Amino acid sequence: MSSKSITKSVIWQLGGKFALQGIAFFTTPIFTRLLTPADYGYTALYMSWSSILGLILGLQTCGSFQNALLKYNKSEQNRYYSSIMTISLLSFVCCLAVAFLFNKFLSIVLSIRNDLVVLVICQSFASYVITFYVEKYNSLKQVEKSTLLSILQTVLCIVFSLLFVFIAKDNKAIAKIYGNAMPILAIGSGLIIFIYIKGKCFWNWTYNKFCLTLTLPLILHGIGHLVFAQSDRIMLQKIVGEKILGIYSVTYTLCSVLTIIYGALNSAWLPFYYDLKKENKNEEIRFHSKQYIKFFTLISIGFILLSYDVFKIMAPSSYNEGLKIIPFFVASHFFNFLYLFPVNFEFFHEKTKLIPIGTLCAAGINILANYLLIPILGIIGAALGTLIAHVLLFLFHHVMACFFVKKEYEYRNTIFMLPWTIILLIICACLYFFDLPIVIRWGVAILLGIYMIFNIFRNRSFF
């Protein structure tokens, strides 16, 4: 994969993600003023369950795409996609039956209304179908299509959510949930029909066995990640109430810009990394990795410098308690970025059985930390617990890659990661303990931005 192709892929990925985040940024202030913190917290709780169920329902079949491209020729790909979609479809039907049979019980467990139990199952599966297509396009390096599909979904969800909220005279949280669900259900239904029309294969044992061998461990990994990501919200709601959950969720939404950025970068990096690994060019991998880590560290520093002022635009003063947890989220996202390096290595060597072990352990640590820290520190306890778990998750996978995957690990010597990690943590600590003047924060951020743009043009690559 050439530098030109990588740059094009990164530009599309980042451009699309920034467009999505820009839409979210400009509409969040509207929703935070239309919804009370408690209403916002209720919608966040619903979306947390939707995310968790999406991983379970889909069985993570799309996690096999990159390896399937290596195993099956181009003429078989559409048949492969439609066959493995049947696995996800059967899982959805089973879960939907459970939702109807145990509706009242699940309503109590999930802390949502009875009618929302069936809706969240259907929405979760439809969301997975959309994700299936996005990952398909990414694996085929058709980033333009994946970006446009994601933007279409986001725009329609926001338009319908606003429409439903404006129409609703009361219970605006429920209105937002239904408004968000309608476009997802429509797009997901259309795409699943298109998958079968194009693939013309409902079931193939060979394809499905290959898929499940790779992806069954990823289900536990995905569930662990979502428990990791959502347990703090669910426990905040149970321990301190929906108002604090709403504040926490708005702050998390702002900081998720970093998740979007490193997700887009990793989508562009992964095919490039796979090509270099196949040719055993470990020195070249290390060289580009240094540039990659430096680039994301500077982005993270620039983000935290600007985030306090952006937060005040996104939400009214009633949400200001969220300002003090921004450094914890930035540091957490940085360690999650570092964790992708050993995980990509494990994926390449098809050692996916190792991946859910670390994720589930980290999720358990996060739950324990939340249980101990939230009653004492409240919203800060939830953010601190998330940071601790992310650090341990990275360390676990680094050790696994170094000592348990019987292949040469190009990142065994992490000395080039350490300086940037220390710099980032020092800046997070300074912004937590000290209120730096706006002139200093914005001045440094602008200088960093100029430096990064200069580097990109000089190297003609993001990596």
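Note on segment 392-442: residues that are open to solvent by less than 70 Å² (accessible area, probe 1.4 Å) and polar (S, T, N, Q) total 2. Restricting segment 320-348 to residues that are within 15 Å of residue 380 (Cβ to Cβ) and of a type in the set (Phe, Trp, Tyr), the residue that is most open to solvent (accessible area, probe 1.4 Å) is 328. Checked against (1) in contact with a helix residue (DSSP H, G or I) (Cβ under 6 Å, 6 or more places away or on another chain); (2) among the polar types (S, T, N, Q); (3) within 15 Å of residue 57 (Cβ to Cβ); (4) open to solvent by 10 Å² or more (accessible area, probe 1.4 Å), residue 123 meets all criteria but (4).
Applying a threshold of 9 Å to beta carbon distances and a minimum spacing of six or more residues, or different chains, the list of pairs starting in segment 367-387 at a residue that is free of Cβ contacts under 8 Å to residues at least 60 places away in the same chain and among the charged types (D, E, K, R) and ending at one that is open to solvent by 10 Å² or more (accessible area, probe 1.4 Å) and part of a helix (DSSP H, G or I) is empty.
Yes or no: segment 118-130 includes at least one residue that is more than 18 Å from the chain's Cα centre (by Cα) and without any contact (Cβ under 8 Å) to a residue 40 or more places away in the chain. Yes, that holds for at least one residue. Inspect all residues belonging to segment 314-325 and state whether any of them is modelled with pLDDT under 80, touching a helix residue (DSSP H, G or I) at 6+ places or on another chain (Cβ under 9 Å) and among the hydrophobic types (A, V, I, L, M, F, W, C). Yes - at least one qualifying residue is present in segment 314-325. Selection of segment 202-224 for residues being surrounded by fewer than 19 Cβ atoms within 10 Å (Cβ to Cβ), part of a helix (DSSP H, G or I), in contact (Cβ under 8 Å) with a residue 60 or more places away in the chain and polar (S, T, N, Q) yields only 208.
Which of the residues that make up segment 192-201 are in contact (Cβ under 8 Å) with a residue 12 or more places away in the chain and open to solvent by 30 Å² or more (accessible area, probe 1.4 Å)? Those that are in contact (Cβ under 8 Å) with a residue 12 or more places away in the chain and open to solvent by 30 Å² or more (accessible area, probe 1.4 Å): 196, 198, 200. State yes or no: is residue 300 among the hydroxyl-bearing types (Ser, Thr, Tyr), out of contact with any strand residue (DSSP E or B) (no Cβ under 7 Å at 6 or more places or on another chain), open to solvent by 30 Å² or more (accessible area, probe 1.4 Å) and farther than 21 Å from residue 379 by Cα? Judged against the criteria, residue 300 is not a match.
The values are calculated or read from the model by the stated rules, or taken from the named source; none is laboratory data. On a predicted model such as this, the values are computed, not experimentally measured, just so you know. Heads up, the Cβs are rebuilt from the backbone with ideal geometry, glycines too, and the neighbour counts pull from every protein chain shown. We work out accessible area using only protein heavy atoms, side chains counted, and drop any ligands, DNA or RNA first. Shrake-Rupley method; radii C 1.70, N 1.55, O 1.52, S 1.80 Å.
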